[in-house]
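We did not get these values from a lab; they are worked out from the coordinates using the rules stated. Just so you know, these numbers come straight off a predicted model, no measurement behind them. Neighbour counts are summed over all protein chains in view; Cβ atoms, including those assigned to glycine, are modelled from backbone coordinates with ideal geometry.
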Amino acid sequence: MVSNHARAAADCAGTRLQPEETLDPHDWEEVRRVGHRMVDDMLDYLATVRERPVWHPVPDEVRQALSTGVPLEPSPLDAVYDEFTHHVLPYPTGNIHPRFWGWVMGTGTPVAMLADMLASGMNSWLGGFDHSATYVERQVIGWMAEILGYPRDASGVLTSGCTVANIIGLAVARHAKAPFDVRRHGLQGRMAGAPLVVYCSSEAHSWTAKAVELLGLGTTHLRRVAVDAEYRIDLGALNAAIASDRAEGLTPICVIGTAGTVNTGATDDLNALATICTRENLWFHVDGAFGALAVLSPRWRSCVAGLAGADSIALDLHKWMYMPFEAGCILVRDGTVHLDTFAASTAYMQSQGRGLAPRPPEFVPLGIDMARSFKALKIWMCLKTYGLEAFGRLIEQNIDQAQYLGALIDRDRRLELLAPVALNVVCFRYRGNDGDDASMNARNEAIVFHLQESGVAVPSLTQLGGRSAIRVAVTNHRSRREDFDVLVQQVLAAGAQLGRD
Ligand SMILES: *Cc1c(COP(=O)(O)O)cnc(C)c1O
């Protein structure tokens with residue numbers, strides 16, 4: 001009697017008579033030819049970006065082409081690449097363009113683009129273990145610590161972005177400051193005791209809500225403290241909130257300061273927050289998504305003074321370090337508590353003492369992801385190729401450009417700044433012949449839509465005290481002073497035109 005197992009083995013042996021498949025090309029020369037074309041085309045595309053509109057709506061026919069079912073049969077790479085050049089490449093977000101200043105997005109660099117190709121070719125696993133990419137990421141983390149004035153041996157890990165970096169920071173804070181074993185007991189049941197409370201300003205980024213929800217703290221335990229006239233956290237109100245929570249028997253654990261708020265570029269008084277946190281025994285976390293990198297500008301670094309006093313700092317490299325998406329980073333001063341927050345032992349990840357896995361994977365227990373890509377390579381190659389000082393000059397250039405735009409607005413009666421120009425962020429509106437806030441809001445929204453849809457420039461919109469603001473955040477190494485002249489001219493023209501309609 002033939003067992004199932006034996007029959008399966010015989011079937012297998014049969015199929016082995018056929019050559020096995022692979023996704024490697026039959027003809028490497030074809031891939032090489034198309035690959036070279038791709039590199040040439042993309043470098044041309046980058047070199048000529050200024051000549052194209054910033055943004056273009058995705059046409060219906062392209063939406064349709066991009067909603068067909070899964071392809072079962074192969075197509076030649078050439079043909080697939082043609083589809084890319086027709087349906088994908090012409091309709092980008094626009095953030096590599098010199099006149100893109102919406103939200104906060106970086107511009108990317110040609111060197112980083114090439115580095116991404118190299119990283120993808122190597123396809124290293126960045127959970128850890130003993131291979132070159134581990135040492136590259138470790139070196140990049142060390143550089144980030146050095147740049148921010150943190151101890152060289154601070155712990156850190158690269159993340160997809162600053163949302164995840166901040167969530168990791170808050171998870172470490174929760175673990176460090178909860179008066180019970182939060183990993184074991186969670187926040188359910190009696191062990192949890194008094195609710196834990198986290199503080200930030202009303203201008204803190206929306207990740208804060210996501211984080212307290214995910215970490216089980218709940219938005220009712222996130223105190224969004226009022227800000228002063230310069231959009232910085234009101235220290236008196238913060239002290240009062242902490243005192244009142246303590247009086248009610250709650251357990252404050254963490255203050256989140258922001259270096260460069262997303263709305264107006266404001267930076268909380270980080271030194272004062274550090275002092276409050278020391279006095280109150282709270283974790284001090286700084287969200288420095290883009291603002292933290294102002295430390296690279298000798299003239300503007302005082303704007304983010306006190307940054308290095310934080311227990312943890314989250315920042316992005318895909319904003320003001322101009323890296324292509326994705327690249328965020330979390331740094332934690334006390335490496336032991338960082339590791340204690342996530343470390344877990346599994347049989348299949350145990351240290352083997354030698355070989356490829358001589359120790360447990362070092363990056364897995366520093367965050368949430370186990371599958372991690374080699375995003376350190378683009379940062380490593382860019383820092384080596386351009387040198388850190390170039391980034392300092394560019395960040396300074398962007399801040400100077402924001403000041404320049406602020407001055408153009410100040411000088412023109414038809415325009416009005418809606419917040420002090422802080423770091424690289426300018427919020428303003430078109431006044432024209434004035435009117436009430438509602439009609440001015442509608443007109444300024446229409447101006448922004450017009451600028452975007454005409455492809456001239458991409459600022460974004462925000463609300464400041466019930467007023468719609470045209471918001472410009474300059475994290476763009478391709479912007480020139482003349483681009484801001486164009487913006488102002490176009491806002492004035494669109495404002496006048498829309499006023500007549
Ligand atoms: C962009 C930003 C974030 C979120 O970072 P992502 O990289 O988009 O996840 C958090 N905080 C501030 C201040 C930001 O500007």
Legend entry - Amide H contacts of residue 463 (H built 1.01 Å from N, under 5 Å, at least 5 apart or other chain): 469
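Hey, any idea what Rg/Rh is for segment 34-123, computing Rh the Kirkwood way over Cα pairs?
Ratio value, two decimals: 0.99.
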Inset, instruction - Tabulate in residue order the Karplus-calculated ³J(HN,Hα) for segment 92-97, using 6.51 cos²θ - 1.76 cosθ + 1.60 with θ = phi - 60°, rounded to whole Hz; enter x for Gly and Pro. - result: x, 4, x, 5, 8, 7
Inset, instruction - Determine the calculated [θ] at 222 nm for the chain from helices alone, applying -39500 (n - 2.57) to every DSSP H run no shorter than 4 residues and normalising by the residue count; nearest 500 deg cm²/dmol. - result: -13000 deg cm²/dmol
Inset, instruction - Please work out whether segment 367-427 counts as rounded, prolate or oblate from its C-alpha gyration tensor, where a ≥ b ≥ c are the square roots of the eigenvalues and a/c under 1.5 means rounded, while otherwise a/b larger than b/c means prolate and anything else oblate? - result: oblate
Legend entry - Taking the C-alpha atoms of segment 101-232, convex hull volume expressed per residue in Å³: 179
Inset, instruction - With a bin width of 5 angstrom, please list the P(r) values of segment 87-179 as percents of all Cα-Cα pairs, from the 0 bin to the one holding the largest distance. - result: 3, 10, 11, 18, 19, 17, 11, 7, 3, 1, 0
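Find the percent of Cα-Cα distances in the chain that exceed 44 Å, and round it to a whole number.
When all Cα pairs of the chain are counted, 24 percent exceed 44 Å.
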Inset, instruction - For residue 375, list the lysines whose Cα falls under 21 Å from its own Cα; do not include residues on the same chain fewer than 8 positions away. - result: 319, 384
Legend entry - Pairwise centroid distance, computed over Cα atoms, of segment 381-409 with segment 459-484, Å: 16
Inset, instruction - For the chain, return all DSSP H helices satisfying: extent of Cα atoms along own axis at least 30 Å; mean Kyte-Doolittle hydropathy at least -0.5. - result: 388-411
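Kindly give the semi-axes, whole Å and largest first, of the ellipsoid equivalent to segment 133-210, taking each as the square root of 5 times a Cα gyration tensor eigenvalue.
Semi-axes, largest first: 29, 17, 12 Å.
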Legend entry - Residues 408, 170, 388 arranged by fewest to most Cβ contacts within 10 Å: 388, 408, 170
Inset, instruction - For segment 274-310 and segment 423-441, write down the distance between their C-alpha centroids in whole Å. - result: 31
Legend entry - Whole-Å distance, taken between Cα centres, linking segment 87-158 and segment 171-245: 30
Inset, instruction - Sort out the exposed loop trypsin sites (Lys or Arg not before Pro) in the chain (DSSP loop, at most 13 other Cβ within 10 Å) and tell me the longest stretch that has none. - result: 153-298
Inset, instruction - Over the residues of segment 271-404, compute the C-alpha Rg and express it relative to 2.2 N^0.38 Å. - result: 1.28
Inset, instruction - Starting from the coordinates of the alpha-carbon atoms of segment 374-487, obtain the Kirkwood hydrodynamic radius over all distinct pairs and give the value in Å to one decimal. - result: 15.5
